[in-house]
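Structure, as structure tokens:
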Amino acid sequence: MQRRQKVRNVERDPRVLLSAEGKGHNELGLREYLVVHGRARLEEGGAAALLQRLAHVYLGPDVEFPPPAITAPGYVLRITPERVGGVGPWADRG
């Protein structure tokens with residue numbers, strides 16, 4: 001919600017990498033994971049509304065998050081993918 005180091009880093013250099021680990025395994029027994037290389041852009045404001053939408057999905061329909069006492073506009077990071085990899089059906093078989 002605040003202008004922390006991650007925000008300053010993206011302002012300085014928009015290249016980002018996002019990784020996520022899955023629960024499944026491929027035919028060789030390797031755990032599936034996703035890696036997204038891309039460029040990010042920052043949008044000031046909108047963080048609280050986005051966090052509330054995510055809280056309803058992941059925490060429950062009656063959850064209020066962030067707490068009402070937090071009033072900072074926050075930042076939303078939007079990533080434009082340039083390359084996708086990892087282990088899973090999304091990975092390049094090349």
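Values in this text are rule-based calculations from the coordinates and carry no lab data. From a predicted model like this one, the values you see are computed outputs, not experimental measurements. Reconstructed Cβ throughout: ideal geometry from the backbone, glycine too, with neighbour counts over all protein chains shown.
Phi angles of the stretch 8-19 translate, via the Karplus equation with coefficients 6.51, -1.76, 1.60 and θ = phi - 60°, into HN-Hα couplings of 5, 5, 5, 4, 6, 8, x, 6, 9, 9, 10, 10 Hz per residue; Gly and Pro are given as x.
Simple point charges give the picture: +1 on the Cβ of Lys and Arg, -1 on the Cβ of Asp and Glu, and for the chain a dipole about the Cα centre of about 360 debye.
Shown is the FRET efficiency for V35 and L77, computed with R0 = 22 Å from the Cβ-Cβ distance and rounded to the nearest 0.05: 0.85. Using a basic spin-label model with each label point 7 Å from the Cα along Cα→Cβ, how many nm lie between E64 and Q5? Roughly 3.3 nm, to one decimal.
Taking the charge dipole of the chain about its Cα centre, with +1 at Lys and Arg Cβ atoms and -1 at Asp and Glu Cβ atoms, the residue from L54, V36, G88 reaching farthest to the positive side is V36. Classify the stretch 19-70 from the C-alpha gyration tensor, please: rounded if a/c falls under 1.5, else prolate or oblate depending on whether a/b exceeds b/c. It comes out oblate by the Cα gyration axes.
With 0.36 nm allotted per residue and the present C-alpha distance subtracted, the V84-E27 stretch has 18.5 nm of extension available.
Classify the chain from the C-alpha gyration tensor, please: rounded if a/c falls under 1.5, else prolate or oblate depending on whether a/b exceeds b/c. Here the chain falls in the oblate category. Going by alpha carbons, how many degrees (0 to 90, nearest 10) lie between the helix axis of 47-58 and the longest principal axis of the chain? That works out to roughly 60 degrees. At full extension, L18 and A55 could sit 11.3 nm farther apart than now, given 0.36 nm per residue minus the alpha carbon distance.
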